[in-house]
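No value in this document is a laboratory result; all are computed from the given coordinates. No experiment lies behind these values; they were computed from the predicted model shown. Here the Cβ is made from the backbone with ideal geometry for all residues, glycine too, and neighbour counts use every protein chain on show.
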Amino acid sequence: MIPKIGGHVSTAGGLVNAIKNAERIGANCIQIFASSSRQWKITWPSKESAEQFKKAKKEAGIDPVYLHAPYLINLASPASEHAALSAKTLLEYLELSDYIGADGVIFHIGSGKELPEDKAFAIVVGHLKNILKQFKGKSYLVIENAAGGGAKIGDTLLEIGGIMKRAPSARLKFCFDTAHYFEAGQIEKYDEEGVKNLAQQIKALIGEDKLVALHVNDSKTAFNSHHDRHENIGRGYIGLKGFESLAKEKLFRETAWLLEVPGFDNEGPDKENIDLIKAL
């Protein structure tokens, strides 16, 4: 089985352009920013634009489609107003996802900073429960693992699994980022043994049914660096062999592969990177 393979594409000039950009690079699944990644305000497309997007993605066979939440999100923030605004924004993004016919919203949990870990976890779980209780739509809320450092929450499968178990919902899912896990010091080599162990841990700690996407990124920084820096496939510390091992694992062949690499032309995920993954 060959998984869906795509990447993060631009919506510049209109939402429907994301589909054109996907076709240009040979993607059949995508991730987008529906609004600015570095501001709270959400710019809702017109109903006409949303319908055009739904029609275009269906005709092009682009599926699934995920939104990436703003980088400002921090559900664990010691500043209660920041955590509350993060939760409000995630709820709005879920509503926006439904509105444009996307599949869900991928987000980073954030950092508890100076808070004791158990208190930070409790804040996160409380906000997740409220979001999932208020949202009545179909879209998934998708937790992505972090690269670690700065009291980040969610750099281990144990942490993410624990949070998901405390906020149980069929709509709460998981996205695994290859570079982040390496940079967080959680896997040193994506060799056959490492990938097999990784798959077993995801099944045991997260749940096979919870994994909906991979962020397929090589790492510009070394193992355990805690620096979130993506590199083109085969050009970083993970290397082409690492992605070959991932491609052989059944668990990862049954989910969407989304690239967030800089691109060989430095304009984001491109056909060359996607072709490298397809060849595996």
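How high is the FRET efficiency from K248 to E81, r the C-beta distance, R0 51 Å, rounded to 0.05? Could the numbers behind the result be given before it?
On the way: r = 47 Å, r/R0 = 0.92.
Once rounded, the FRET efficiency stands at 0.65.
Anyone know which of K248, K165, K133 comes out most mobile in the 10 Å Cα GNM of the chain?
In the Gaussian network model the winner is K133.
Of K57/K136; K88/K133; K41/K129; K57/K133; K129/K196; K189/K250, which pairs sit farther than 21 Å apart, going by alpha carbon to alpha carbon? Mind dumping the intermediate values first?
Values: K57/K136 24 Å; K88/K133 13 Å; K41/K129 23 Å; K57/K133 29 Å; K129/K196 32 Å; K189/K250 18 Å.
Over 21 Å Cα-Cα: K57/K136; K41/K129; K57/K133; K129/K196.
Would you mind checking region 217-232 for residues with the amide N under 19 Å from a putative spin-label position 7 Å along Cα→C-beta of F264?
Hits in region 217-232 for F264 at 19 Å: 217-220, 230-232.
Could you work out the relative contact order of the chain? I mean the mean sequence separation of Cα pairs under 8 Å and 6+ apart, divided by the number of residues, in percent.
On the way: 603 pairs, mean separation 50.6, N = 280.
The value is 18 percent.
If I take the Cα coordinates of region 43-201 and project them onto the principal axes, what are the three extents in Å, biggest first?
45, 43, 24
Kindly rank 220-228, 96-104 from highest to lowest mean number of other beta carbons found within 10 Å of each residue.
Packing proxy ranking, top to bottom: 96-104, 220-228.
Could you state the per residue volume, in Å³, of the convex hull enclosing the Cα atoms of region 1-91? Working shown, then result.
Working: hull volume 10.1 nm³, N = 91.
Taking only Cα atoms, region 1-91 has a hull volume of 111 Å³ per residue.
Just grab the label-to-label distance for N130 and K271, each label 7 Å out from Cα along the Cβ direction, in nm (one decimal).
So the two model labels end up 4.8 nm from each other.
Hull surface divided by four, with the convex hull built on the Cα atoms of region 123-251: how many nm²?
Projected over every direction and averaged, the Cα hull of region 123-251 covers 7.7 nm².
Which percent, nearest 5, of DSSP beta bridges in the chain are antiparallel? Walk me through the numbers before you get to the answer.
Numbers: 4 of 31 bridges.
Percent antiparallel among DSSP bridges in the chain is about 15.
Check every DSSP H run in the chain and write down those whose alpha carbon atoms cover 18 angstrom or more along the long axis and whose mean Kyte-Doolittle hydropathy is 0.0 or greater. Intermediate values should be presented prior to the final figure.
Working: long enough: 47-60 (20 Å, -1.86); 80-100 (30 Å, 0.10); 117-134 (26 Å, 0.12).
Length and hydropathy pass: 80-100, 117-134.
Would you calculate the separation in nanometres between label points at R38 and N224, each defined as 7 Å from the Cα along the Cα-to-beta-carbon direction?
For R38 paired with N224, the spin-label model returns 3.2 nm.
Taking every alpha carbon pair in region 5-278, what does the distance histogram look like in 10 angstrom bins from 0, in percent?
Histogramming region 5-278 at 10 Å steps yields 7, 31, 37, 22, 3 percent.
What is the spin-label model distance, in nm, from K47 to Q201 if the labels are put 7 Å beyond Cα along the C-beta direction?
4.9
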